[in-house]
1. Going from the alpha-carbon gyration tensor of the chain, what semi-axes, largest first and in whole Å, does one get by taking the root of 5 times each eigenvalue?
2. Using mean Cβ contacts within 10 Å as the protection proxy, how do 387-399, 226-238 order, highest first?
3. Sorted by packing (mean other beta-carbon atoms within 10 Å per residue), highest first, where do 138-149, 155-166 land?
4. With just the Cα atoms of region 215-295, tell me how far they stretch along each of the three principal axes, in Å, largest first.
5. Tell me the accessible surface of residue 426 in square angstrom (1.4 angstrom probe, heavy atoms of protein chains only), to the nearest ten.
6. Determine by what factor the alpha-carbon radius of gyration of region 207-247 differs from 2.2 N^0.38 Å, reporting the quotient.
7. With the alpha-carbon atoms as the only input, what is the per residue convex hull volume for region 368-458 in Å³?
8. Using a 7 Å offset from the Cα along the Cα-to-Cβ direction at both residue 178 and residue 291, what is the distance between the two label points in nm, to one decimal?
Amino acid sequence: MTDANTALLETLASRLPAGTLLGPDDAGARHRADWTRVNACAPAAVARPRTTEEVAAILRACHEVGQPVVVQGGLTGLAGGATPRAGELALSLERLAGVESIDADAGTLQVRAGTPLAVAQAAAEAQGLQLALDLGSRGSCTIGGNIATNAGGNRVIRYGMMRELVLGLEAVLADGTVLSALNPMLKNNAGYDLKQLFIGTEGTLGVVTRAVLRLHAAPRERLTAFVAAPSFAALVALLRAARSEFGGELGSFEAMWANYYELAIAALKANPRPFDGRHPFYVLLEIEALEPVAATARLETFLARLLEAGTAADALVARSLEESARLWRVRESAGEIMMTLGIPMAYDVSLPMARMTAFLERLDAEVPAVLGDQPLYVFGHLGDGNLHLVTGLRSLGQVAALDQIVYGGLAGFGSVSAEHGIGQLKRHWLSASRSPAELATMRLLKSALDPRGILNPGRVL
Ligand SMILES: Cc1cc2nc3c(=O)[nH]c(=O)nc-3n(C[C@H](O)[C@H](O)[C@H](O)COP(=O)(O)OP(=O)(O)OC[C@H]3O[C@@H](n4cnc5c(N)ncnc54)[C@H](O)[C@@H]3O)c2cc1C
């Protein structure tokens, strides 16, 4: 620890309640990396404020001396954004947690940033409403992290990304200024919509401390279907047919390529195979039913039509919540499976549907030269044009060549980050998805709001 670090920690200790600051040894391994575990590094200290005022006091003190800060939520991020760099102070929102209020008439929920997503979802459900954001990491990821990454997940096709669900928020700027914009209204065009500065900007422009979120009516029932498709063209036709049949009731459309599906089935030993046969593609469909009985009949008729037309090779509808949960586990085990694959490597790209076949053919042709016989597993939120590509590397030396194939193959038309963000891991590829003018404007915003560059430096830009 440098003298400057020691002096800062003494200042912070004198301004904050006892127990707010943890030294690197007391903090344990938890604060050293996000879910990727790449470049894990102990922070100089961990600050765990319980209030917005404490967040402001910490940032004010860090701003005064130019101390770099890494913001941490639930540490489930997949881009290395919350992983400390040497000498950084970790600002953890884990104790600034809890649902503050729910207005069932207005359909809004006010929540502190460190609240786990699942806790906020449960609070909405208790009122017969739903917080529509849903990710496999729901038990650990936090609302602040969801806002900072503009999280996507399983229901984007129906409700949009986190941005669509944030009505207002409170954030603390790098110099400790508290910006309170806890707007609860759906409509508010009075001047600039400043909340947008903090949604999807990965903690580089401010620390989100509280938010007002939009709730939706809970569906009477969720119907889950699992469908096998004989080709990629059939998968796309299936998506189109599901959109046209169910419109706003189509809640999820999660595609799995055979290599990912077989890996997940093998990992989930207790899970019976949904189908006896093997197929090139699978999709998990969720329908949010307003009239459950009629919707089940409609779903069955829809699937029968697809089977008859050859668009589906096999199909089933879950008959119970347990069966539905078993099917979802096939899709959602990706996070754990990934960690068992050598050095885990995950891509999160989006591209126009019309480009997908050519992009995937390019991967098939070029990836084996880098990975040998190690597969690149494919799955994703196909309805959102979002593919996840996952593999296990033998050495970090393979990263640059694989990045070149995947990200290079998207340049000019796709995005190197559909929903996980840029963090530290994709910084060097940001320019493949953003124009020089866009990058210059991002830098302008960063220097205006964080002139000393203390907030999440080395992330995004
Ligand atoms: C099993 C699994 C499944 C996942 N599925 C999905 C998915 O379907 N869709 C998806 O989008 N993501 C998914 N993720 C990624 C991850 O869960 C999301 O990015 C999530 O939003 C991160 O929240 P967090 O609280 O864990 O943030 P962290 O990992 O702690 O931080 C992520 C970034 O946000 C910043 N940050 C955190 N809190 C704040 C705050 N209060 N103010 C300002 N900046 C902050 C951090 O500095 C960092 O840059 C998945 C991850 C796992 C492990």
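The values are calculated or read from the model by the stated rules, or taken from the named source; none is laboratory data. Since we're looking at a predicted model, the values are computed, not measured. As a convention, Cβ positions derive from the backbone with ideal geometry for all residues, glycine included, and neighbour counts pool all protein chains shown. These accessible areas exclude ligands, DNA and RNA; they are computed on the full protein's heavy atoms, side chains included. Shrake-Rupley method; radii C 1.70, N 1.55, O 1.52, S 1.80 Å.
1. Ellipsoid semi-axes (Å, largest first): 38, 27, 20.
2. On the way: 387-399: 16.6, 226-238: 20.6.
Order by mean packing, descending: 226-238, 387-399.
3. Highest mean packing first, the order is 138-149, 155-166.
4. 37, 31, 24
5. 10
6. Normalised by 2.2 N^0.38 Å, the Cα Rg of region 207-247 equals 1.90.
7. Details: hull volume 11.2 nm³, N = 91.
With only Cα atoms used, region 368-458 gives 124 Å³ per residue.
8. Label-label distance for residue 178 and residue 291, simple model: 5.0 nm.
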